[in-house]
Amino acid sequence: MSDFRPQVPQPSPPFRTDPTPIPHGFLSLRAKFSLFVSLVIVLACSSLSGYLIQQEAEVMKGALLKTGTILVKTLNKVSVNRLIIQDTHYLETMLDGALSAPEVIYAIARDQDGHVLVGKSKGKLVDTTKLTRDETRPIFPDDTLTEELLTPTPQNPKIEPLVTVLHTSPLKEGLLSERSAERKGAEKFRIGSETIYDLALPVYRQDRRLSTIELLSSETLQDSRSVSTNPSAIIGIIQIGLTTTHMQQSLNQTVWHIGLLTVGIILVGILLTILLANRIVTPLQHLAVASQKIAEGDLSVTVDPDTQDEVGQLTTSINRMARALQQREEAISHYVHTITKQVTQLSTLHQTGIVITSTLDVQKLFSTVLKLLRKNLGFQRMILVLQNPAGTKARVSDVSGVPLELEQQIRHLEFPISPGSIDETLMHHGRSVLAYDLEEIAHQMSPLILPICRQMGVVSFVCAPLLSHQRVLGYLGADRGNQRCTQEDLDLLLTIASHVAVAIDNAQTYEEVENLAQTLEERVKERTQDLQSANERLQELDRLKSSFVSIVSHELRTPMTSIKGLVENMLDGLVGTLNDRQSFYLERMKYNIERLTRMINDLLDLSRIEAGRMDLHHSAINMGSLAREVVESLQSIAQERSLTLEAHVSDPIGFIQGDRDKLIQIFTNLINNALKFTESPGTVTVDVNQRDDGMVQTCVIDNGCGIPLDEQQTIFERFYRGQSSEMKNRGAGLGLAITKSLVELHGGSIWVESTPGEGSRFCVIFPLIPSTTPS
């Protein structure tokens, strides 16, 4: 038996479940096994019992006939002289002695003509149970049975099974052999269930006299050939009838005993079969239930093996499979959580940029940004603190996630910036703060802010300074409630803070300009020159506003370029010799900076495409020449990966109308993807040909890992990353989305054909310029 239980930290009773019901009309494995083995046991026991009974019946019959043979031969020997003188008194005494045997029901002594001299009979059987006979109804065999014995015959008795006959005229009963009865047309019937064997032996005249001892010797009885007889001198016939009733009673008792023993053996065999079936089938049923639950997604089910046979090994294998699936599911969940978190952060960054560029109202900007960050980044409470121009005081400009009564208490709260406080670290020195434990840095906090933080239950927080144009405007703070903040939270807040600082600076400047414009409007006549200056300032601000989106978009790329340059300088040895570990870390930094830069560029391109600001500079392009150029530029990357990169151009190829740079970007992206997902040694082929429908088709073909069918419909979606590819090969999920958008901007289309394990084929088609001549 096997017990199922879910894997939980606390001990729990074994999990049990009923097997899956067998469909109506079908037998279970247990029933089939039990029926088959039971049928074999029944057939085997029945056959063996029948054979034993048949053998016992043959043995009893042989013993009965042997006894009758000895008896008739004995009577034959002792009746020779009496038959010659026809001593009926002696013969009657002799036959009475023969009838004393229970199996003998009649005895007859006949003369040389076959006539009955003396006949004795126990009568007809009237009660087969008590074996009682009616002596008033004697039964004797028909005289025809001895006709054949009047001629010279062998010295052994003639044995004939008898039947009773009923003569029609005159009406009387008698015994005939079956052949005689058929020959005479008599009606045959058995005497109850009694069967009679008639044994008849002729008596011959002897040439010498034998003493009684010689006549009774076993040698004389067993070998009549030692006595010299005259076959032609028959002086009489000795005839006895043996009944099988006593033998049948003994045989019936034997059959009854063998039957009881057979039934007992069959019942024990069936019971053992059922026990064995339960021993084998029950664990299999439990395994079937466990497999069904695993297929339904319940990977916590286990089966406890209690044997070391094949079923136990199968149980262990299923447990290992369930644990492996559970671990894989947990790993996939972790990866999905990480990816979702990163996508959420990027999406929040994008939405923050949109909010920042959509308004210059300072208060609206504060409220909207804080709510957006708290909602998407998982912070429970956020606070925005700005310092006055003199840098002596700080003011709470806005809060989010705080109860209403505390919000009214905190909002617009002013407090001095004390030396050695967190506020000084943030707003005077421009350094971020990660407070892992509130109580550890309580002495550095403002006496006005600390009680409020304790009242709200703040245990840990992070703060990032708002830096714009080398000037600290204030800081942005956040916490996660009962959870401790981490360095990752601080890094994320620093990234957001730089954007918020630029937005606040622009909004404040815009607000100042608006105030100045209102003042100039009141004094327009007196201060025309000042108004002109204000107008120029407004024009400059308008220009700044127009380029604000571009500045924000490039804000991420600019520091990445600087960091990359510094890392490359360090790798080149400008700061001294590096050890292997330092070189490794710097190489990883460079790789991730380049990867992040590509992601930022993709985000910028996607933003332009979505905003409809992607300008194309059309010219006549020959796709064959362009394909060769892109292949040649990427040969170094292919060689680094030990891959073969080649271009196949089918002449002639006509011209298309398109932006050369964007077309190069399209095919560079497709070829880079093919190189990235192809293992060494592998081949990437760029095939260009002109179709009959006026289109030029370019296909990038690789023999890499391929793409599953369910992912082929979604790989062109934004932020989608294939689940079947390795983590090291996954990007931001924007490359193919941008490629598809650029292809469609050129009036073309793109699709993919792929077989997992064999490779992929990305095809792009563009319309030909009708007036061009293929070259």
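The values are calculated or read from the model by the stated rules, or taken from the named source; none is laboratory data. Worth saying up front: this structure is predicted, and the values here are computed from it rather than measured. Please note: Cβ atoms are built from the backbone with ideal geometry, for glycine as well, and neighbour counts cover all protein chains shown. Ligands, DNA and RNA are excluded from the accessible area calculation, which covers all protein heavy atoms including side chains. Shrake-Rupley method; radii C 1.70, N 1.55, O 1.52, S 1.80 Å.
Would you confirm whether any residue within the range 420-427 is in contact with a Cys (Cβ under 8 Å, 6 or more places away or on another chain) and of a type outside the set (S, T, N, Q)? Yes, the range 420-427 contains a residue that is in contact with a Cys (Cβ under 8 Å, 6 or more places away or on another chain) and of a type outside the set (S, T, N, Q). Of the residues examined, LYS728 is one that is in a helix (DSSP H, G or I), basic (Lys, Arg) and at pLDDT below 85. For PHE655, the stated conditions do not hold, so it cannot be described as under 50 Å from the mean Cα position of the chain (by Cα), of a type in the set (Phe, Trp, Tyr) and open to solvent by less than 70 Å² (accessible area, probe 1.4 Å).
Of all residues in the range 622-658, exactly one satisfies the criterion of being farther than 18 Å from ASN669 by Cβ, modelled with pLDDT of 90 or more and charged (D, E, K, R), namely GLU646.
Does LEU473 satisfy being within 30 Å of ASN535 (Cβ to Cβ) and of a type in the set (A, V, I, L, M)? It is true that LEU473 is within 30 Å of ASN535 (Cβ to Cβ) and of a type in the set (A, V, I, L, M). Taken as a whole, the condition of being at pLDDT 50 or above, farther than 22 Å from PHE140 by Cβ and exposed (fewer than 12 other Cβ atoms within 10 Å of the Cβ) applies to SER232.
When ILE139, ILE108 are checked against the criterion of being closer than 21 Å to THR74 by Cβ and either part of a strand (DSSP E or B) or open to solvent by less than 30 Å² (accessible area, probe 1.4 Å) (or both), a single residue qualifies: ILE108. ILE563 meets the conditions (1) under 30 Å from ALA464 (Cα atoms); (2) more than 60 Å from the chain's Cα centre (by Cα); (3) modelled with pLDDT of 75 or more in every case but one. The failed one is (2). Counting only strands (runs of 3 or more DSSP E) wholly contained in the range 393-503, the ones carrying 1 or more residues that are out of contact with any helix residue (DSSP H, G or I) (no Cβ under 6 Å at 6 or more places or on another chain) and more than 30 Å from THR558 (Cβ to Cβ) occupy 393-400, 414-416, 471-479. Scanning the range 641-651 for residues that are touching a strand residue (DSSP E or B) at 6+ places or on another chain (Cβ under 7 Å) and open to solvent by 60 Å² or more (accessible area, probe 1.4 Å) yields THR644, GLU646, HIS648. Scoring HIS246 on the criteria (1) over 30 Å from LYS158 (Cβ atoms); (2) of a type outside the set (A, V, I, L, M, F, W, C); (3) at pLDDT below 85; (4) open to solvent by 30 Å² or more (accessible area, probe 1.4 Å) leaves a single failure, condition (1). The set of residues in the range 117-145 that are on the phi > 0 side of the Ramachandran plot and modelled with pLDDT under 75 is empty. In the range 273-286, the residues that are of a type in the set (S, T, N, Q) reach residues that are part of a helix (DSSP H, G or I) with C-beta atoms within less than 6 angstrom, at least six apart or across chains, in these pairs: THR273/SER34; THR273/VAL37; THR273/SER38.
I'd like to verify a number: residues in the range 387-398 that are open to solvent by 10 Å² or more (accessible area, probe 1.4 Å) and not basic (Lys, Arg), how many? Reasoning before the result, please.
Of the range 387-398, the ones open to solvent by 10 Å² or more (accessible area, probe 1.4 Å) are 387-393, 395.
Now narrow it down to the ones that are not basic (Lys, Arg): 387-392.
Of the residues in that region, 6 qualify.
Does the range 438-456 contain any residue that is among the small types (Gly, Ala, Ser) and either over 29 Å from GLU511 (Cα atoms) or modelled with pLDDT of 80 or more (or both)?
Step one: filter the range 438-456 for residues among the small types (Gly, Ala, Ser), giving 442, 446.
Those still in the list that are either over 29 Å from GLU511 (Cα atoms) or modelled with pLDDT of 80 or more (or both) too: 442, 446.
For the range 438-456, residues among the small types (Gly, Ala, Ser) and either over 29 Å from GLU511 (Cα atoms) or modelled with pLDDT of 80 or more (or both): present.
You will find that of ASP505, ASP423, ASP489, ASP479, the residue that is of a type outside the set (Phe, Trp, Tyr), under 20 Å from SER397 (Cα atoms) and within 50 Å of the chain's Cα centre (by Cα) is ASP479 and no other.
Applying the selection to the range 634-687, what residues are touching a helix residue (DSSP H, G or I) at 6+ places or on another chain (Cβ under 7 Å), within 14 Å of CYS705 (Cα to Cα), in contact (Cβ under 8 Å) with a residue 60 or more places away in the chain and in a helix (DSSP H, G or I)? Of everything in the range 634-687, just one residue is touching a helix residue (DSSP H, G or I) at 6+ places or on another chain (Cβ under 7 Å), within 14 Å of CYS705 (Cα to Cα), in contact (Cβ under 8 Å) with a residue 60 or more places away in the chain and in a helix (DSSP H, G or I), namely ASN673. Pairing residues of the range 455-474 that are touching a residue at least 60 places away in the same chain (Cβ under 8 Å) and on the phi > 0 side of the Ramachandran plot with residues that are part of a strand (DSSP E or B) and of a type in the set (S, T, N, Q), at Cβ distances under 8 Å and at least 6 apart in sequence or on separate chains, gives GLY474/GLN387; GLY474/SER397.
Residue-by-condition table, conditions (1) open to solvent by 20 Å² or more (accessible area, probe 1.4 Å); (2) more than 28 Å from LYS364 (Cα to Cα):
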site: LEU438; (1), (2): no, yes
site: SER460; (1), (2): no, no
site: GLN483; (1), (2): yes, yes
site: LEU493; (1), (2): no, no
site: VAL500; (1), (2): no, no
site: TYR510; (1), (2): yes, no
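When the range 49-87 is filtered for residues that are exposed (fewer than 14 other Cβ atoms within 10 Å of the Cβ) and over 20 Å from THR244 (Cβ atoms), the ones remaining, listed by number, are TYR51, ILE85.
Just name the residue that is modelled with the highest pLDDT out of those in the range 709-725 that are under 25 Å from the mean Cα position of the chain (by Cα) and open to solvent by less than 30 Å² (accessible area, probe 1.4 Å). Give the derivation first.
If we filter the range 709-725 for residues that are under 25 Å from the mean Cα position of the chain (by Cα), which is where we start, we get 709-711, 722-725.
From what is left, the residues that are open to solvent by less than 30 Å² (accessible area, probe 1.4 Å) are 711, 722, 725.
On the way: GLU711: 83, GLY722: 61, SER725: 56.
Only one residue fits best here, namely GLU711.
Yes/no per residue for (1) touching a strand residue (DSSP E or B) at 6+ places or on another chain (Cβ under 9 Å); (2) open to solvent by less than 70 Å² (accessible area, probe 1.4 Å); (3) β-branched (Val, Ile, Thr):
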{"position": "GLY576", "(1), (2), (3)": "no, yes, no"}
{"position": "MET599", "(1), (2), (3)": "no, yes, no"}
{"position": "ASP615", "(1), (2), (3)": "yes, no, no"}
{"position": "GLN635", "(1), (2), (3)": "yes, yes, no"}
{"position": "ASN669", "(1), (2), (3)": "no, yes, no"}
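Tell me, which residue of the range 274-326 that is of a type in the set (Asp, Glu) and under 12 Å from the mean Cα position of the chain (by Cα) is most open to solvent (accessible area, probe 1.4 Å)? Applying the filter and picking the extreme gives GLU296. Within the range 680-696, the residues that satisfy the criterion of being closer than 18 Å to PHE766 by Cβ and open to solvent by 20 Å² or more (accessible area, probe 1.4 Å) are ASP687, ASN689, GLN690, ARG691, ASP692, ASP693, GLY694, MET695.
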